[in-house]
Each structure stands twice: as structure tokens, then as C-alpha cells.
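Everything on this sheet refers to the single structure shown next.
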Amino acid sequence: MRYKLRTYIWVVSLALSLAVQAQELSEEAQISLITCTPGEELYARYGHTALRVCDPKNDIDIAFNYGIFDFNTDHFYWKFVRGETWYQLGATPYRWFMREYEMTNRPVYEQVLNLSAEDKEILWQKLVDNYRPENRQYLYNFVFDNCATRPYVMLMSVLCRNSAEMPYSTYRGAEGQTYRRFIQHYTPKGSWADFGINLLFGPKADRKMQGEERLFLPEELMEYISQTVKADGQPLVANEQIAPFVIQAVPWYATWYFGIAVLFVALAALSYYDRQRGQRTKWVDWILYTVYALLLILVTFLTFFSCHPLVGFGWRLLILPMTHLCARLVYIVR
């Protein structure tokens, strides 16, 4: 769900600061929700969300994107592991925003929002204010505060400013699903990334999502907005061309199921060989013991010393040790 930081963003930051000013929008202005489909990289696996402000009369066409981060931040990886990564709102010309997705052949969907002139102006001013250097940074959280939740909260703050009544959507999508199952939907089934999610996510990931909690992923937000009706009974989307995300399948030989099966067969064969010669190959076991210890240390650290909300101890941590134990029974049980 992150958007790579490109050098040109900083090169043109001054120009954008001058361009993104609190000038009033014209009657021709449109504001759209932009949803970008998943990429192959892990950080792009869940898609991306942005808000587009297009006003041809005032020569404005800007993508406001809450997914900017800087690899060059001091101790970036340490902060990332702890869940203390600061992201920020970026404002780039829409054609530049689209360039990366065009280069990687990733479809991008646009939903033109059915907003009054007053709503557009207020949302525009909020985005401009949020882009100011003192306001643009925020502490990223994959589930509760990310590139999809920020545009949603911003939009709702405008639509509900004069009323306590929230817009209503008939879309239920992931309502009642667990965080684990929903996140796994965007991770190819059987992939090693899927395996990692199972190992690192604890019981908190098995809590069922309700209401707005399910809108932290771009596709879910896109579908929700598509079926939303405002308090006055009008649809929130005036025009759209959208489609469900396509998740690429993993070939059987690249699945973690196959990998675990190969590990089991190899260990079982080693156990039979050790039994035949009457001597145990201890170095193989010690390598695996080291892997288990490192994994346990990682999960312990993330559980007690990081801000990651879904990480914790769970029975899935036993998958590797139990595979190891069962394979070694050929040697142990005589």
C-alpha cells in the first residue's frame, strides 16, 4: 500500500508548494478517489489510494497521496520493524503520479465524486492545509492509519460536517471477516508471504472486522464508496469505471505447502539414514533450532516492543517445529 519516494518529488516540492495554494476552485472542478491495483513488490501487494483534484480552468490536476515515505530517514529499518515509520502526504501532478503505474501496466480506477461546489471547496482547502510542511507527516499504521483510511476520513469529515448522519453504503464486503483472512485475500494463496503472515500474526488478527474497520485496504474502500449514498439520498459517485482486483496465483512448486513437504521428506530421509548408521546428524537439527529461536525472538520483540497491531504468538508458530519433530520420529522412535 506504500508509494515509492522518487527523487523528482523533492526536486519539484517548491514548485508544488507554490502551485498548491488556497485558491478557490472553479465550477468545472472535480474531485476523484483514485484506486491503484496491486503490484508485484510486497509493499505494493495491497494496492494504493489517492485523491485527485482536477480543475482545468485553474490549470490544477494534482494527486494527493498519503503513501510517501523516505528510505533515507535515520534508522529507517529499525523504525519500520518497531512500527514507528513516519509517512507523509504528497502532492504531485497527476500525470507524474500515473507514470509508475503505466510503466508497470497496473490498472488505475477513478471514481468521480458527486460533491457540491461547497463540498469540493472545503475538501480542497482541507487537503491544501494538510499538505503544509507542519501538517503533512503522520505515524503510519498498516491497519488503522494508512493511505486508504486517510482519504476516507478526510472525505467523511466534509460530508458529515453539518450533520451527525453518516453516508450509507449497501456494500458489506469484508464485514465479519477476520483481519487475517482478509489480508490473505491479497496475498497469493500458498505463497511464502502468506506463510509469513500466518507465522507472525497472532490472535488479534483473528478478530472479526466491523463497520469502518474493513476500509483499510484500497479495494474495499473503492467498493464501499461505489455503493455509498449521501444523507440527501444521492449516490456519492457520479461516474466510475472499476473492476475487482486480480490476484495472481502461485505455481504449485513455489508454494509454502510444497516447500514444507520437501523439508519433511528430506528430514525423514535423513532420519532413516541416521538410524541405519546409528548416528544422528546433529548439525542439521541445530540449524533448524537456530531458525526457531530467531523466529521466536522476532515475534516476541514485535509483540512487546513494537506498534504493529496484529503481530503475536499463535499456534501457527508450531508449523516448522512440528514438521521437524514428525520427520525426526523415524530416528527417535526405534
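Couple of notes before you dig in:
- Complete set of residues in segment 80-92 that are of a type outside the set (Phe, Trp, Tyr), touching a strand residue (DSSP E or B) at 6+ places or on another chain (Cβ under 8 Å) and touching a residue at least 60 places away in the same chain (Cβ under 8 Å): Gly83, Glu84, Leu89, Gly90, Ala91, Thr92
- Within segment 288-332, being free of Cβ contacts under 8 Å to residues at least 24 places away in the same chain, closer than 21 Å to Tyr179 by Cβ and β-branched (Val, Ile, Thr) holds for one residue alone: Thr300.
- If you go through segment 96-110 and keep only what is more than 14 Å from Leu51 (Cα to Cα) and not in a helix (DSSP H, G or I), you end up with Thr104, Asn105, Arg106, Pro107.
- Between Tyr87, Tyr43, the distinction of being outside any helix (DSSP H, G or I), closer than 22 Å to Cys307 by Cβ and in contact with a Lys or Arg (Cβ under 9 Å, 6 or more places away or on another chain) belongs to Tyr87 only.
- Any hit, segment 312-322, residues being charged (D, E, K, R), closer than 17 Å to Ile197 by Cα and either under 27 Å from the mean Cα position of the chain (by Cα) or at pLDDT below 90 (or both): yes
- Candidates in segment 105-137 are the residues that are surrounded by 16 or more Cβ atoms within 10 Å (Cβ to Cβ) and among the hydroxyl-bearing types (Ser, Thr, Tyr); of these, the one that is modelled with the lowest pLDDT is Tyr131.
- Checking each residue in segment 295-305 for being surrounded by 15 or more Cβ atoms within 10 Å (Cβ to Cβ) and either more than 16 Å from Gly196 (Cα to Cα) or β-branched (Val, Ile, Thr) (or both) picks out Val299, Thr303.
- You will find that of Glu175, Glu219, Glu165, Glu212, the residue that is over 30 Å from Leu296 (Cα atoms) and at pLDDT 90 or above is Glu219 and no other.
- Only one of Pro107, Pro133 that is of a type outside the set (Asp, Glu), more than 19 Å from the chain's Cα centre (by Cα) and over 25 Å from Ser26 (Cα atoms): Pro133
- Count - residues of segment 212-233 that are under 12 Å from the mean Cα position of the chain (by Cα) and outside any helix (DSSP H, G or I): 1
The values are calculated or read from the model by the stated rules, or taken from the named source; none is laboratory data. In this text, all values refer to a predicted model and were calculated from it rather than measured experimentally. For neighbour counting, all protein chains shown are included, and Cβ atoms are generated from backbone atoms with ideal geometry for every residue, glycine included.
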